[in-house]
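For reference, the structure is listed below as structure tokens.
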Amino acid sequence: MAGKRTFTMIKPDAVEAGHIGAILEQITASGFKIVALKMTQMATADAQEFYAVHNERPFFGELVEFMTRGPIVAAVLEKENAVEDFRALIGATNPEDAADGTIRKKYAKSVGENAVHGSDSDENAKIEASFHFAGREMF
Ligand code: ABT
Ligand code: MG
């Protein structure tokens, strides 16, 4: 059965641009229930760990710089088929390839600053949610 929860971050670019409210509104209007939510800022070591799968990639340094340069909004979202449906709602990694109406099409500037994160598997959703939230912060 498809998982019911996914993890998201509104990234520093979208927070800086004042899009927190609009993005959360689109997420809830699309049928996702917010079961955990906070504004926080990742330290360099946090971003290096969160994106460890990319640590050999040429863009890793820039990615860590970007993700730590200002606050993010982290959330856990609940819906049937949450991981897949949320990836559809945010659109392709590169906003140029993202479908009309998707969050990245509307708010992302580039592949490197793409406004939102969405977990790519049920397993990673659990790992990422626990990375940011204690059990008592998830409802
Ligand atoms: P995330 O939700 O951030 O994980 O993005 P997504 O899963 O859609 O894309 P992946 B492949 O996981 O990219 C991780 C971050 O790396 C950035 N990136 C990726 C680049 O800057 N250049 C590239 O060529 C690629 C492939 C985009 C993602 N994050 N940010 N911010
Ligand atoms: Mg990813």
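The values are calculated or read from the model by the stated rules, or taken from the named source; none is laboratory data. Fair warning: this is a prediction, and the values are worked out from it, not measured in the lab. Reconstructed Cβ throughout: ideal geometry from the backbone, glycine too, with neighbour counts over all protein chains shown.
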Matching option when the condition is within 12 Å of ligand 1 (Cβ to nearest atom), under 14 Å from the mean Cα position of the chain (by Cα), outside any helix (DSSP H, G or I) and not charged (D, E, K, R), among Met39, Met9: Met9
Verdict on Glu96 being modelled with pLDDT of 95 or more, within 24 Å of Arg136 (Cα to Cα) and either assigned to a helix (DSSP H, G or I) or more than 13 Å from ligand 1 (Cβ to nearest atom) (or both): no
Which listed residue is more than 24 Å from Asp46 (Cα to Cα) and away from ligand 2 (no atom under 13 Å from the Cβ), from Leu89, Leu77: Leu89
Residues (of a type in the set (Val, Ile, Thr) and either within 10 Å of ligand 1 (Cβ to nearest atom) or in contact with a Pro (Cβ under 7 Å, 6 or more places away or on another chain) (or both)) located in the range 99-117: Val111, Val116
Residue within the range 43-51 that is modelled with pLDDT of 95 or more, within 15 Å of ligand 2 (Cβ to nearest atom), over 21 Å from Glu137 (Cβ atoms) and part of a loop (DSSP other than H, G, I, E, B) present: yes
Members of the range 62-90 found to be more than 21 Å from Lys126 (Cα to Cα) and in contact (Cβ under 8 Å) with a residue 12 or more places away in the chain, listed by number: Glu62, Leu63, Val64, Phe66, Thr68, Arg69, Gly70, Pro71
